[in-house]
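Let me begin by presenting the structure, written as structure tokens, before commenting on it.
The values are calculated or read from the model by the stated rules, or taken from the named source; none is laboratory data. Fair warning: this is a prediction, and the values are worked out from it, not measured in the lab. Here the Cβ positions follow ideal geometry from the backbone for every residue, glycine too, while neighbour counts run over all protein chains shown. Quick note on the areas: whole protein, heavy atoms, side chains included, nothing else; ligands and nucleic acids left out. Shrake-Rupley method; radii C 1.70, N 1.55, O 1.52, S 1.80 Å.
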Amino acid sequence: MATLKEKIGYALGDAASGGITWKIMSTAFPLFFTNVFGLSFADAGLLMLIARMFDVVTDPLMGSIADRTQSRWGTYRPWLIWGSIPFGIIFACLLFTPDLGPAGKRVWAYSFYLLMMAVYTLVNVPYGSLLGVMTEDDNEKNEFSSYRMVGAYAMGFVTLLSFPYLQKIIGGTESHQYAVLGAGFGIVAAVMTLVCGLLTKERIKPKRAEKFSFTQYSNLITNKPWIYMTLVAICTNFFNGFRYAAAGYMITYCLGGDVTVGALIINYTVFMAFGEVTCMIFGGLSPAFTRWAGSKRKAFVYSSAICAFSSIAYFFIPMNPAYIWVMVVISIITSIGAGLYSPLIWSMYADVSDYATEKYGTSSTGLIFSSGTMAQKFGGAISGSLIALLLGMAGLISSTDPVTGETIVTITDAESVKTMVWSLFSLFPAIVAVIMGLLAYMFPLKK
């Protein structure tokens, strides 16, 4: 029986990766790269596309390596313990803007973004795989998964809510602010990841396939639950990716900048923070919601429907700061659905891993969970890439002044840009939510 300390320790892992690094990467990076760092929209889009091709190789490879790791720390925990420091350092470098000129900055961004994707894989694939070896009890897996999501969303709320206020405290240029925040959040993420590795326990010894074989990869193609689960996971991350990456552009170009309500500054990070605390609350309620629904599959379908209907409703809100609280309320309703389905993803992946062990005789926990991490990065980065490319097509252009090095943003068609941004935050996610609901409905395992 796992202790409360261990569950909290496990939650710290996703508080670091999901609540800090990935939340900043998915929410702030698109706007940071184009409006602060100085990449063109085409460069930013291409960067994320290249990174995805990189992940197609590194994620499953890391899963296979993790499955075969043997050490005094266990199979998956050593990757968290020894990967924590590089994780924080590379994240800090990625938010630093060097004075290298347009070509040098492009090389810096591409190099450290790919390194960040690699170290994220090195830490997060083993972290996800831990769920498959910490307990055999299905209800306890749901609890661990729920703690994980609460940790991620609670830290995401703190990160996003504090972001604009920390920027004001730091002062100076925007590039300086991002550099200092990158260093600070990088340290916190590294410490949380280390503590997660030290506090968790591996109770189940995997049935290892000691020699490397491509059979385990071919087995995935015949594993029907894995195929459906991976498609569902990609959809969930497309859904979140569109909303988080579009939020900064929505506040900037549709609402005319930050909205001040009394002492509250509602910029794009604060706007999304309302959703984070909602996801945290309903992520904790997900096990009870699943019991009420009767199965994980049904719970996923119901929560997808909430996301789809609320996203469609958002599209019809007037683009006016006077309606900011209507926008917040609809966004919160969307986050209720996202909070309910988020813990289910990893719990259902654990079910897929158990199914694979029974069917093929050897454990492929790391490989299967690596597909969840790959889906996360694929959905988040492809959606961010599409947003950059679509906004460029709509009339938003970013470039770097070759003399001063300053970022220059111009708009050739303001109405086209506004409509595109609004749709990327509402209609695009709604379509994805419908698709993921249908896929969840067809998921073969009925637990």
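Quick notes
- Candidates Thr193, Thr230 - the one that is within 20 Å of the chain's Cα centre (by Cα), hydroxyl-bearing (Ser, Thr, Tyr), part of a helix (DSSP H, G or I) and at pLDDT 90 or above: Thr193
- Here Trp325 does not qualify as surrounded by fewer than 22 Cβ atoms within 10 Å (Cβ to Cβ), more than 24 Å from Thr27 (Cβ to Cβ) and at pLDDT 90 or above.
- Residue in segment 119-131 that is nearest to Ala189 (Cα to Cα), counting only those that are more than 15 Å from the chain's Cα centre (by Cα) and assigned to a helix (DSSP H, G or I): Leu122
- Segment 64-80, residues that are out of contact with any Pro (no Cβ under 6 Å at 6 or more places or on another chain), open to solvent by 20 Å² or more (accessible area, probe 1.4 Å), closer than 12 Å to Gly197 by Cβ and in a helix (DSSP H, G or I): Arg77
- Qualifying residue in segment 54-61 (condition: modelled with pLDDT under 85, open to solvent by 10 Å² or more (accessible area, probe 1.4 Å) and closer than 30 Å to Met250 by Cα): yes
- Tally, over segment 81-117, of residues that are among the β-branched types (Val, Ile, Thr), closer than 20 Å to Met48 by Cα and open to solvent by less than 20 Å² (accessible area, probe 1.4 Å): 0
- Test result for Thr278, of a type in the set (S, T, N, Q), modelled with pLDDT of 85 or more, assigned to a helix (DSSP H, G or I) and surrounded by 24 or more Cβ atoms within 10 Å (Cβ to Cβ): no
- The single residue among Phe37, Phe41, Phe87 that is out of contact with any strand residue (DSSP E or B) (no Cβ under 8 Å at 6 or more places or on another chain) and under 24 Å from Leu160 (Cβ atoms) turns out to be Phe87.
- When Ala433 is tested against the conditions (1) small (Gly, Ala, Ser); (2) touching a helix residue (DSSP H, G or I) at 6+ places or on another chain (Cβ under 6 Å); (3) farther than 30 Å from Asp67 by Cα; (4) modelled with pLDDT under 85, the lone failure is (4).
- Complete set of residues in segment 132-190 that are in a helix (DSSP H, G or I), among the charged types (D, E, K, R) and open to solvent by 10 Å² or more (accessible area, probe 1.4 Å): Asp138, Glu140, Glu143, Lys168, Glu174
- When the residues of segment 389-430 are filtered to those that are among the β-branched types (Val, Ile, Thr) and modelled with pLDDT of 85 or more, the one that is surrounded by the fewest Cβ atoms within 10 Å (Cβ to Cβ) is Thr419.
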